[in-house]
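Working notes, beginning with the structure itself.
The values are calculated or read from the model by the stated rules, or taken from the named source; none is laboratory data. The structure presented is a predicted model; accordingly, all values stated were derived computationally and were not measured. Here the Cβ positions follow ideal geometry from the backbone for every residue, glycine too, while neighbour counts run over all protein chains shown. Remember, those area values only see protein heavy atoms, side chains included, never the ligands or the DNA or RNA. Shrake-Rupley method; radii C 1.70, N 1.55, O 1.52, S 1.80 Å.
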Amino acid sequence: MFITGYAVMAGAAERLVLGYDSFGNVCGRRNTPVKGAPLSGRDMTNKKYVFFLNSCSLEMQNLKISSFSLCVSSCPQEQLNSLEDLQSFARNNGSCLCIYNLSISSYTLNPKAAELCPTLPVPPSKSFPLFNRCVPQNPECYSKYASVLISMVNEMDVFHRILGGILAGRDTVIGLSVLALAFSLILVLAFRFIRTVLVHTLIALVVFGMFFVSGVLWWLYYDYRNDPSTELETEKENVKFLLGYAIFSTIVTVVLLSLILVLRKRLQFTVQLFRIVGKIIGRIPFLLFQPFWTFLILIVFWVFWVAVLLSLGTAGAAQTTSGGEVEYRALSGVCYMAWYLFVGLIWTSEFILACQQMTIAGAVVTCYFNRNKDNPPRHPVLSSISVLFCYHLGTAVKGSFLITILRIPRILLLYLYNILKQKESACAKCLFKCCFCCFWCQESCLRYFNQHAYTTTAINGTNFCTSAKDAVFVLAKNSAKLASICCFGDFILFLGKVFVVCFTVFGGLMAFNYHRELQAWVVPLLLVGFFAYLMSHSFLSVFEVTADAIFLCFAVDMETNDGSAERPYFVDQELLTFVSQSNKLTDRQKHRRPFQDNEDGTELQPMV
C-alpha cells in the first residue's frame, strides 16, 4: 500500500508518452502550477504536440534535449521564414509557436521576440503519433532530429522503454484483451454443448494456429534482423525477443503435435467426459457466470496494477531552474520497487483464480453429495461463496502463495539467463534451462494438488494443510483409476487455452508490427499473452475444476461408503457407467468391476 500510494502521488505516466514542455506542463492535459515556474499550471487540453524552438540544431544532455519546448495545438505544415509568418500562422491556426507570455500581437513589436520565438526559418513539420512531437520534414533537420531522439531512447533503461511501449500500445492491448475474452466465451459455449466434430475442429484450429504463429514469428525475426534501419535499442530488443518467441513457439508446436498423435484414440471418451461435466453444470447453471465475475475482478486489478506501475516508472521530483524552467529528476530505487509490484501481480492474480476454483468446487461438492439428484440444493454457488469468505480465504491465500513462491525463481532464472546470454556461457545457460524446466514442472504439479486441496476443503471443511494431506492420500490410493479419466480431458482444455493465446498473440503480432518505431512492443505482447492465458484459464477452469471435483468426490465416496443399504454411494448411473468404460479402456486385462471396496470387496452400486 505504501508503494502504491507513493507511485500515484509521485508519478505522472502521461509524461512518458504525451510529452511535456520546458515549464512542466504535460501536453494534452490540464496542469497544476509548479512553485517557482510562472509559466506552469496551464490548461493544455487542446495543445497535444511538443514543439522545439530550435528543431534543426538539437543537442542532448543527461537524457534531456537542450532546447525550449512548447505545447502547441498543431505543427507548422509549411516553412515559416519571418516573425510575420509566425504571427499569421498563430492567428490562422490558433497554434502559438512562441513563449506563452508573448502575445500574438507582440510577435513583430517586442524587441526580444527573436529570443522568445523559434529559430528562423522554421522548417515544415509533421506530428509524430507515438511521442506527439513535431518532427521536421526538411531532410537535413530531420536527420539531426532523428539522431538525437534515437540517442535519447537508446540511453533510457529497459524499464522505462517497456513502460513507453505499454503506454504507446495501450489501445492495442485493450483491444487484444477484448479479443481474448471473445475467444474464451466461444470456447465455453463450445465445451458446454460439445460434440465429436467440435473436438476435431478445436484440434485442427490449434494445430493451424501454432504453425501459423510460429511461421509469422520466424518471418518477423528474419524481417527485423535484415532491416538496415534497425538502430534503436527497442528494435534490437524486439529482434532478440522475437527469436526467443519463435523458438519457444516451435518447441510447443512439436510437443503438442506429438501428444495429439499419441492421444488421438481417446476423442470419443473425451466427448463422454464433457457430457457428464455439462450435466453437472446444467444442474448448477450459474457456474457458467462465475468466470465473468472473476474476469471483471481481474480486469479491475490489472488496470490498477498497470496504473501503479506506470506511475512508479515516472516518479520524479519537479525542480525549477533560475530561468523558470522545470526539470523532473528520476528517483533512485524505483526499479527495485517494480519487483515488488510484479510479485503482487502474480500472487493477487493467483489468489483471485483460487477463489474461483474454491467457489466452483464448493458448488459441485454440494450438488454431488445430495441424495435427491432430481432436486438439487438451492443457490449452491452463493452458498459456496459465503462459505469461502467466512471460513476459507486463508486456504486460497496459502495455495496462491505457494504457486507464487515457485514462479518467482523462474522469473529470476529468466533474468539471469538474459545476462548469461551476453557472456556466452554455454554450460551455465544449459543449467539454467534445466532449472527453469524443473520449476515449471513443480509449479504444474503444485497447481494440480492445490486444486484438489480446495475440493477437499469444500468436502471436509478443514484447513489448507490438512486438506492437502487428505487430497494427496486419496489421489495416491486411486491414482491409477483417476489419472486415465482426467488426463485427456485436461489436455483438451489446455488445447483450448492454447487456442485463445495463439490467436490473440497472432492478432497482437499483426497490430504491433504496424508500429515498430520506438516501441519495445514484444514485452507488451508478452503481457497480452499472459492476460489471454489467465482469461482463458478463468473461463475454461469451470470445466476443469468441475471434472476434477466430480472424480475426487467419487474417490471420497468410495472411501467413506460401502454401497450397502445403510451407507449407499452417492454416484449416479451415468457416472458409474463412464468410470467403468474408462477403466476397461485403460486396462483390458482386468475383468473385475473397476472400483471395489478395498476392505470387503463390496461392488459399487449406483444410488437409486
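Looking only at the range 244-256, count every residue that is over 14 Å from residue 525 (Cβ atoms) and open to solvent by 40 Å² or more (accessible area, probe 1.4 Å) and tell me the total.
Looking only at that region, the number is 5.
Of all residues in the range 558-571 being in contact (Cβ under 8 Å) with a residue 40 or more places away in the chain and under 18 Å from residue 455 (Cα atoms), which is most open to solvent (accessible area, probe 1.4 Å)?
Among them, the one singled out is 559.
Quick check on the range 448-468: of everything there that is open to solvent by 50 Å² or more (accessible area, probe 1.4 Å) and closer than 27 Å to residue 491 by Cα, which residue is modelled with the lowest pLDDT?
448
Just one of 153, 197, 178 is surrounded by 20 or more Cβ atoms within 10 Å (Cβ to Cβ) and either modelled with pLDDT under 80 or assigned to a helix (DSSP H, G or I) (or both); which is it?
Selected residue: 153, the only one of 153, 197, 178 that is surrounded by 20 or more Cβ atoms within 10 Å (Cβ to Cβ) and either modelled with pLDDT under 80 or assigned to a helix (DSSP H, G or I) (or both).
Just to be sure, is residue 389 modelled with pLDDT of 90 or more, within 18 Å of residue 364 (Cα to Cα) and open to solvent by 60 Å² or more (accessible area, probe 1.4 Å)?
Yes.
One line per residue, one yes/no per condition, for (1) open to solvent by less than 50 Å² (accessible area, probe 1.4 Å); (2) polar (S, T, N, Q); (3) at pLDDT 55 or above; (4) in the same structural domain as residue 99 (by the TED database):
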{"position": "111", "(1), (2), (3), (4)": "no, no, yes, yes"}
{"position": "115", "(1), (2), (3), (4)": "no, no, yes, yes"}
{"position": "119", "(1), (2), (3), (4)": "no, yes, yes, yes"}
{"position": "126", "(1), (2), (3), (4)": "no, no, yes, yes"}
{"position": "131", "(1), (2), (3), (4)": "yes, no, yes, yes"}
{"position": "142", "(1), (2), (3), (4)": "no, no, yes, yes"}
{"position": "146", "(1), (2), (3), (4)": "yes, no, yes, yes"}
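Condition first: among the hydrophobic types (A, V, I, L, M, F, W, C) and modelled with pLDDT of 75 or more. Now tell me which residues in the range 469-490 satisfy that.
Result: 471, 472, 473, 474, 475, 476.
Out of curiosity, is residue 493 open to solvent by less than 30 Å² (accessible area, probe 1.4 Å), more than 18 Å from the chain's Cα centre (by Cα), modelled with pLDDT of 80 or more and under 30 Å from residue 212 (Cα atoms)?
So residue 493 passes the test.
Could you please let me know if residue 87 is in the same structural domain as residue 55 (by the TED database), in contact (Cβ under 8 Å) with a residue 40 or more places away in the chain and surrounded by 14 or more Cβ atoms within 10 Å (Cβ to Cβ)?
It is false that residue 87 is in the same structural domain as residue 55 (by the TED database), in contact (Cβ under 8 Å) with a residue 40 or more places away in the chain and surrounded by 14 or more Cβ atoms within 10 Å (Cβ to Cβ).
For the range 296-315, does any single residue satisfy the condition of being modelled with pLDDT under 80 and not in a helix (DSSP H, G or I)?
Yes, because at least one residue in the range 296-315 is modelled with pLDDT under 80 and not in a helix (DSSP H, G or I).
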